[in-house]
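A.B. asks: After the structure tokens below, expect a handful of questions from me.
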Amino acid sequence: MSHLVPERRFVPTRAGLLHVATCGSGLPVLLLHQTPRSWDEYRDVLPLLGAHVRTIAMDTPGFGDSPALAGEAPSIEAWAEAVIALMDALDLPGCCLAGHHTGAVVALEAAVRAPDRVTALVLSSCPMVDAPRRAHHAAKVPIDTVTPDAEGGHLIQLWRGRQPFYPREAPELLDRFIVDALRAGPMAAEGHRVVNRYRMEDRIGLVRAPTLVIGATEDPHAFPATPRIAAAIRGSTVTEIVGGTVPLPDAMPIEFSHAILRFLRMQDLLPNPR
């Protein structure tokens, strides 16, 4: 594991204050987390990527330490605009966008909105949010929906809802999820609704950036969509991470980081190691 230590700070942007954790220098790689996580999802990825590139993990507005958007309902489109606002505030003329689950959907929309700014795109465990998915989820109660009670039963409910997707030999990963979910409050569930309101079928065909689609083979929610996501993006590359599940970046940071670095080298954005 790299000895690099991430630096955390708040960045003023036109979308409001955004909290980021950064590590390394060189080619900018901007990481976007799943619902209801934060930059902490990439805690172990940051130094691994930071040994080769300038890695930036952003808290989506309403999650982690980033305040919710002022006067604007949360949406994939608004979150994508916040990503572009951060790129402007950090003076990034171009960068690689990499997102996991919700973060992948946000990254896709940002890549469509700013095609001249996104030099590469990494979609990890990206769902296909089309009409059948929207209809399927319309009447479902989102995961992470809990009602706080004085006896702390909501903590057990959160834990049990996510436990099937986390490695039992690393309970600290689920601890970190619980912390992020509690900080997100109602957005822990609302973030899933935001995803399932998005019309991806209108946007995915507009992606022009070189794209890596990462499929975690044991992720029952996203892995089945992997071939459809790849087929909808011209010239995309697919990498499967065997044994990966919903918490892929934090449970398998080495494999996740290596997949991104290999892709960047394939695109001649990074030199090959000697």
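A.B. asks: Please report the antiparallel percentage of DSSP beta bridges with both residues in the range 1-149, rounded to the nearest 5.
C.D. replies: Details: 11 of 26 bridges.
Expressed as a percentage, antiparallel bridges in the range 1-149 total about 40.
A.B. asks: A further question follows. Restricting to the range 1-74, what percent of DSSP beta bridges are antiparallel, rounded to 5? The partial results should precede the final answer.
C.D. replies: Details: 11 of 16 bridges.
Percent antiparallel among DSSP bridges in the range 1-74 is about 70.
A.B. asks: Also: Sorted by average packing, counted as other Cβ atoms within 10 angstrom per residue and highest first, what order do 100-108, 32-40 take?
C.D. replies: Values: 100-108: 28.9, 32-40: 26.8.
The densest-packed peptide leads the list: 100-108, 32-40.
A.B. asks: Would you mind calculating the gained length between Val141 and Asn272 on full extension (0.36 nm times residue separation, minus the Cα-Cα distance), in nm to one decimal? Intermediate results must be reported in sequence, preceding the final value.
C.D. replies: Numbers: separation 131, 0.36 × 131 = 47.16 nm, distance 4.64 nm.
Residue separation times 0.36 nm, minus the Cα-Cα distance, leaves 42.5 nm.
A.B. asks: About the Cα centre, and with charges only on the beta carbon of Lys, Arg (+1) and Asp, Glu (-1), how big is the dipole of the chain? Nearest 20 debye, please.
C.D. replies: Details: 26 positive and 30 negative charges, 120 e Å.
The calculation lands at about 580 debye.
A.B. asks: Using a 1.4 Å probe on the protein chains only, how many percent of the accessible area of the chain belongs to carbon and sulfur? Display every interim value, and only then the final one.
C.D. replies: On the way: 6480 of 11800 Å².
Percent of accessible area from carbon and sulfur atoms in the chain: 55.
A.B. asks: Right, something else. Quick one: putting +1 on the C-beta of Lys and Arg, -1 on the C-beta of Asp and Glu, what dipole do you get for the range 144-183 around its Cα centre, in Debye to the nearest 20? Intermediate values should be presented prior to the final figure.
C.D. replies: Values: 5 positive and 7 negative charges, 23 e Å.
Dipole about the Cα centre, nearest 20: 100 debye.
A.B. asks: Continuing with the same structure: Roughly how many Å² is the accessible area per residue of the chain, as a whole number, for a 1.4 Å probe?
C.D. replies: Here the residues of the chain average 43 Å² of exposed surface.
A.B. asks: At 222 nm, what value in deg cm²/dmol follows for the chain if DSSP H runs of at least 4 each add -39500 (n - 2.57) and the sum is divided by all its residues, to the nearest 500? Could you put the intermediate results ahead of the total?
C.D. replies: Values: 10 runs with 100 residues, N = 274.
Here the helix-only value at 222 nm equals -10500 deg cm²/dmol.
A.B. asks: Quick one: work out the % antiparallel among DSSP beta bridges in the chain, nearest 5. Mind showing how you got there, number by number?
C.D. replies: Working: 11 of 35 bridges.
If we restrict to bridges inside the chain, about 30 percent are antiparallel.
The values are calculated or read from the model by the stated rules, or taken from the named source; none is laboratory data. The model shown is predicted, which means the values in this text are computed figures rather than measured ones. As a convention, Cβ positions derive from the backbone with ideal geometry for all residues, glycine included, and neighbour counts pool all protein chains shown. Areas reflect the complete protein model, heavy atoms only, side chains present, ligands, DNA and RNA absent. Shrake-Rupley method; radii C 1.70, N 1.55, O 1.52, S 1.80 Å.
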